[in-house]
Amino acid sequence: MDFSQLIRKHIQSLTPYSSARDEYTGKEGIFLDANENPYGSVLDGSYNRYPDPYQWEVKTKLAQLKGVKPENIFLGNGSDEPIDLLIKAVCEPKEDHIMIMPPTYGMYKVCADIQQVRIQQAPLTEDFHIDLDSVFDGVNAATKIIWVCSPNNPSGNLLSKHAVVQILKAFPDKLVVVDEAYIDFADTTSFVDELNLYENLVVLQTFSKAWGMAGLRLGVAYAHPTLIKVLNKIKYPYNINIVTQGLLLEALDKSEQKNEYVKTIVQQREILESQLKELPNVLRIFPSDCNQLLVKFKEAKKIFLYLLEQKIIVRDRSNVALCEDCLRISVGTEQENSALLDALKKYLA
C-alpha cells in the first residue's frame with residue numbers, strides 16, 4: 001500500500017510537537033528538562049514525572065500477548081481516540097468520505113461529522129450482515145476508510161470474515177478498520193492475526209469490555225508501522241497517563257482472570273436469552289457473539305421507561321436503523337439478570 005497517497009499531504013509535512021521525553025528516553029539522570037515538580041506529588045505516589053509518550057514498556061508486553069511487534073500498536077484514550085485520529089490522518093474535510101454499515105457504533109459518524117468528513121452508508125442486511133453489493137456500489141475515489149464493527153454494536157453478532165476479506169482485497173488503497181471491541185466474547189480468531197497479510201487493515205480493540213477496565217479508558221489500534229507512526233505524530237503528546245500505563249502492565253499478567261470473566265458472562269448470556277424467550281412480550285432475540293442481547297419487544301418504549309422506574313437501565317435502540325422496538329441489554333451478574341427478569345414479569349402482571 002502506498003501510504004503517501006493515503007495520508008493527507010499536510011499531515012505528512014507536519015512537524016509534530018517534540019516533548020521532553022522525545023528528546024531523552026532514558027530513565028536515569030537528573031531531570032531538569034520538562035519543568036516538572038522535582039520534590040514529588042501532593043498525592044501518595046510518583047506522579048510528578050511525565051509518562052512515556054509512546055508507552056513502549058506496555059506495548060512490548062502487549063505485543064508478546066498478541067503476537068505482533070510493538071511498532072504495530074497504538075494505544076489511545078479508549079478506542080474513540082484512534083477512531084478520531086484515523087479520520088484526521090487520511091480524510092480531507094468536505095472532500096473525502098468514510099463508509100459505515102448501519103446499524104453500527106455511533107462514534108464513527110460523530111468523529112467524521114466533527115471533522116466535516118462525508119458519510120457513505122452501506123446498511124447491513126435485515127439479519128445484520130454485510131451487504132457486499134451495497135459496499136462495492138458505494139465505494140468511490142473519495143472513500144478513504146471503510147468501517148466494520150464485528151461483533152457488531154448494537155446487534156451483537158459477528159460479521160462474515162469472508163466478506164471482510166473480500167473488502168480488504170477489493171480496496172487495497174483504502175483503510176479497512178475492523179472494530180473488535182467485543183472480540184473476546186466471540187468464538188473466533190481476531191483479525192490481528194491477519195495484520196501481515198493486508199497493509200490496509202486496521203484492527204481496533206479495547207480493555208473496556210472483557211478486561212473490565214472501562215473506567216481507565218484504554219483502546220488499541222493494530223496496524224502497519226507506517227500508519228502507527230502517523231497516529232503517534234498527530235496524537236496529544238502524553239495521551240496515556242502514568243497510572244493507566246502501570247495498571248495495564250499489571251492487567252496483562254491476568255489474562256486468565258479475563259478469560260474466566262468471559263466464560264461466566266457467556267454462560268449468563270445464554271441463560272438470560274433462554275429465560276427472555278419465555279416472556280410473551282419478547283418478539284425476537286437476535287443472535288449474539290458478545291456481552292449483550294438485542295431484544296425486540298412489544299411496547300419497547302413503555303418497557304424501557306418502566307425499567308428506568310425500577311432503576312434497571314438498558315439501552316433503547318428503537319431509533320437506530322433496523323432496530324425498531326429493540327432494547328439492548330448488557331449481560332449482568334446472575335443477580336442483576338434475575339432482577340431484570342423479575343421486573344419484566346411484573347410488568348406483564
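The values are calculated or read from the model by the stated rules, or taken from the named source; none is laboratory data. From a predicted model like this one, the values you see are computed outputs, not experimental measurements. FYI the Cβ positions are ideal-geometry reconstructions off the backbone, even for glycines, and counts take in every protein chain you see.
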Only one of Ile87, Ile83, Ile130, Ile98 is of a type outside the set (Asp, Glu), in a strand (DSSP E or B) and at pLDDT 95 or above, namely Ile98
Residue check: is Val176 closer than 27 Å to Leu322 by Cα, surrounded by 18 or more Cβ atoms within 10 Å (Cβ to Cβ), more than 17 Å from the chain's Cα centre (by Cα) and modelled with pLDDT of 95 or more? no
Identify all residues within the stretch 101-110 that are buried (at least 21 other Cβ atoms within 10 Å of the Cβ) and not in a loop (DSSP other than H, G, I, E, B); write none if there are none. Tyr108
If you check every pair at least six apart or on different chains, which have Cβ atoms under 9 Å apart with a residue in the stretch 38-52 that is of a type in the set (Asp, Glu) first and a residue that is assigned to a loop (DSSP other than H, G, I, E, B) and modelled with pLDDT of 95 or more second? Asp52/Tyr238; Asp52/Ile240
Does Thr60 satisfy being over 20 Å from the mean Cα position of the chain (by Cα) and outside any helix (DSSP H, G or I)? no
Residues that are over 28 Å from the mean Cα position of the chain (by Cα), in contact (Cβ under 8 Å) with a residue 24 or more places away in the chain and assigned to a helix (DSSP H, G or I), drawn from the stretch 298-315: Ile303, Tyr306
Restricted to the stretch 153-170, and to residues that are in contact with a His (Cβ under 9 Å, 6 or more places away or on another chain) and assigned to a loop (DSSP other than H, G, I, E, B), which residue is farthest from Val203 (Cα to Cα)? Asn157
The stretch 11-60, subset over 26 Å from Ile234 (Cβ atoms) and acidic (Asp, Glu), residue surrounded by the most Cβ atoms within 10 Å (Cβ to Cβ): Asp44
Could you list, in sequence order, all residues of the stretch 189-246 that are surrounded by fewer than 23 Cβ atoms within 10 Å (Cβ to Cβ), β-branched (Val, Ile, Thr) and closer than 21 Å to His10 by Cβ? Thr226, Ile228, Ile234
Restricting to the stretch 79-100, name every residue that is buried (at least 19 other Cβ atoms within 10 Å of the Cβ) and of a type in the set (D, E, K, R). Glu81, Asp84, Lys88, Asp96
Show me the strands (runs of 3 or more DSSP E) found entirely inside the stretch 195-297 where at least 3 residues are touching a Lys or Arg at 6+ places or on another chain (Cβ under 6 Å), within 26 Å of Arg328 (Cα to Cα) and modelled with pLDDT of 95 or more. 292-297
When you scan the stretch 316-335, how many residues do you find that are farther than 17 Å from Lys301 by Cβ and free of Cβ contacts under 8 Å to residues at least 24 places away in the same chain? 1
Being assigned to a helix (DSSP H, G or I) and of a type in the set (S, T, N, Q) narrows it down to one residue among Ser318, Ser338; which is it? Ser338
Sort out which residues of the stretch 195-209 are over 18 Å from the mean Cα position of the chain (by Cα) and either of a type outside the set (S, T, N, Q) or under 19 Å from Ile7 (Cβ atoms) (or both), and write them in order of number. Leu197, Tyr198, Glu199
Every residue in the stretch 254-306 that is charged (D, E, K, R) and over 23 Å from Ala349 (Cα atoms), please. Lys254, Glu256, Lys258, Glu260, Lys263, Arg269, Glu270, Asp289
